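Peer 1: Got a structure here, written out as structure tokens. Questions coming.
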Amino acid sequence: MDDGTNVECHIKGNFRIRGIRSTNPVAVGDFVEVQTLADGTNWITEIEDRKNYIIRKSTNLSKESHILAANIDQVALIVTVNHPVTSTTFIDRFLATCEAYRVRAIIIFNKIDLLTDEENEQVEELRALYESIGYKTIEISAISLQNTEYRAQNTDLLTLFAGKTTLLSGNSGVGKSTLLNALFGKEMTRTGKISDAHDKGMHTTTFSEMYFLDDGRIIDTPGIKGFGTIDFEREEVGHYFRDIFRVSRDCRFGNCTHTNEPGCAVKEAVVRGEIAVSRYESYLSLLGDCEEGKYR
Ligand SMILES: Nc1nc2c(ncn2[C@@H]2O[C@H](COP(=O)(O)OP(=O)(O)OP(=O)(O)O)[C@@H](O)[C@H]2O)c(=O)[nH]1
Ligand SMILES: [Mg+2]
Ligand SMILES: [Zn+2]
């Protein structure tokens, strides 16, 4: 409810939203109308139009999608360069999806307390890369945020969440729930260990839930593995890589896919080091998905 109370609601089995084939008709962040019947049960009767939403294919081959969340102001992508490793392909696919849905994305590099000097350098390099593309980045130790002194030094982080609805996303085990708990200063939700054998998260959070700060709302979500993204058109993929899009104006052909065409400004920029190789590879991997129709 608007006043922050929780009401358990039912939904009719055949409730489907116009135009979207999703496995979950109602998503976290939705505004809904609720009717209470004489027997005291509550039923969702209407879902208001969404300002935006983030969607993900349920599985590679299925045509159904899963709405991660609706009506969000920003996504905080939690990234760890180790324990577990977040790949740049994952980051870039995620960012491309946010671009497609016009949702602001910020990147939070977590677990800096755990990293070697070399890994910390890697964080600095990645931060420089994504800042240069136009993304806000920040580095934190969610564990250390429990320490009030460390917390006081991180006003930058806290102001990021003020007055906004923020979706926390990222691979399993990167510390989404730990960050959530740190923001609230108490245990709001369970966190899980990283497996010793594989240095991976154990999918501790199993469903998305919204939590209300004094000023701001945070949605904690289950860790995601691959990122099936959405139905990108081949010519469209480049639009969702800001760095590639900027340069693509100078390609000889307007519909250049930046693969084999002559006079491709993007490929030239990669060679000159103005577009990061990792970004270009992520772009190609998304383009490859389009070609194979993997997610159709
Ligand atoms: N050293 C260190 N450990 C952290 C930090 N943040 C999280 N962890 C640990 O990483 C493990 C996983 O944290 P979670 O918060 O459960 O991760 P999650 O992203 O919510 O994972 P899922 O719910 O599975 O998606 C826990 O053992 C945390 O204590 C950090 O900044 N530093
Ligand atoms: Mg979690
Ligand atoms: Zn090109």
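Peer 1: Regarding region 226-234, can at least one residue be identified that is surrounded by fewer than 15 Cβ atoms within 10 Å (Cβ to Cβ), within 17 Å of Y280 (Cβ to Cβ) and away from ligand 2 (no atom under 16 Å from the Cβ)?
Peer 2: Scanning region 226-234 turns up at least one residue that is surrounded by fewer than 15 Cβ atoms within 10 Å (Cβ to Cβ), within 17 Å of Y280 (Cβ to Cβ) and away from ligand 2 (no atom under 16 Å from the Cβ).
Peer 1: Restricting attention to region 93-102, which residues are more than 23 Å from L180 (Cα to Cα) and either part of a strand (DSSP E or B) or within 16 Å of ligand 1 (Cβ to nearest atom) (or both)?
Peer 2: Hits for region 93-102: nothing passes.
Peer 1: Now a separate question. Being assigned to a loop (DSSP other than H, G, I, E, B), more than 16 Å from ligand 3 (Cβ to nearest atom), modelled with pLDDT of 95 or more and outside the structural domain of Y101 (by TED's automatic domain parsing) is true for just one of G226, G263, G273. Which residue is that? Give the steps one after another, and end with the answer.
Peer 2: Values: G226 fails: modelled with pLDDT of 95 or more; G263 fails: more than 16 Å from ligand 3 (Cβ to nearest atom).
Residue meeting the stated conditions: G273.
Peer 1: Can you find even one residue in region 200-213 that is modelled with pLDDT under 90 and surrounded by 15 or more Cβ atoms within 10 Å (Cβ to Cβ)?
Peer 2: no
Peer 1: Being farther than 25 Å from E274 by Cβ, of a type in the set (V, I, T) and part of a helix (DSSP H, G or I) is the requirement here; does T89 meet it?
Peer 2: No: the conditions fail for T89.
Peer 1: Sticking with this structure for a sec: Which of the residues that make up region 190-223 are near ligand 1 (Cβ under 8 Å from one of its atoms), touching a residue at least 24 places away in the same chain (Cβ under 8 Å) and part of a loop (DSSP other than H, G, I, E, B)?
Peer 2: I194, G201, M202, H203, T204, T205, T221, P222, G223 - these are the residues of region 190-223 that are near ligand 1 (Cβ under 8 Å from one of its atoms), touching a residue at least 24 places away in the same chain (Cβ under 8 Å) and part of a loop (DSSP other than H, G, I, E, B).
Peer 1: Tell me whether region 183-196 contains one or more residues that are over 20 Å from K136 (Cα atoms) and away from ligand 2 (no atom under 16 Å from the Cβ).
Peer 2: Of region 183-196, the ones over 20 Å from K136 (Cα atoms) are 184-196.
Filter again for away from ligand 2 (no atom under 16 Å from the Cβ), leaving 185, 196.
Yes - at least one qualifying residue is present in region 183-196.
Peer 1: Given the residues T116, T59, which is the only one that is more than 16 Å from the chain's Cα centre (by Cα), at pLDDT below 90 and among the polar types (S, T, N, Q)?
Peer 2: Working: T116 fails: at pLDDT below 90.
Going through T116, T59 in turn, the sole match is T59.
Peer 1: Is it true that some residue in region 139-149 is aliphatic (A, V, I, L, M) and either within 16 Å of ligand 3 (Cβ to nearest atom) or out of contact with any helix residue (DSSP H, G or I) (no Cβ under 7 Å at 6 or more places or on another chain) (or both)?
Peer 2: The initial filter retains those residues of region 139-149 that are aliphatic (A, V, I, L, M), namely 140, 142-143, 145.
Okay, now just the ones that are also either within 16 Å of ligand 3 (Cβ to nearest atom) or out of contact with any helix residue (DSSP H, G or I) (no Cβ under 7 Å at 6 or more places or on another chain) (or both), so none.
Scanning region 139-149, I find no residue that is aliphatic (A, V, I, L, M) and either within 16 Å of ligand 3 (Cβ to nearest atom) or out of contact with any helix residue (DSSP H, G or I) (no Cβ under 7 Å at 6 or more places or on another chain) (or both), so the answer is no.
Peer 1: Select from region 24-46 the residues that are within 30 Å of the chain's Cα centre (by Cα), loosely packed, with under 13 Cβ neighbours inside 10 Å and assigned to a loop (DSSP other than H, G, I, E, B) and list them in ascending order.
Peer 2: Once the filter is applied, which keeps residues that are within 30 Å of the chain's Cα centre (by Cα), loosely packed, with under 13 Cβ neighbours inside 10 Å and assigned to a loop (DSSP other than H, G, I, E, B), region 24-46 yields nothing.
The values are calculated or read from the model by the stated rules, or taken from the named source; none is laboratory data. Not measured: the values here are computed from a predicted model. Cβ sites come from the backbone with ideal geometry, for glycine too, and all protein chains shown count toward neighbours.
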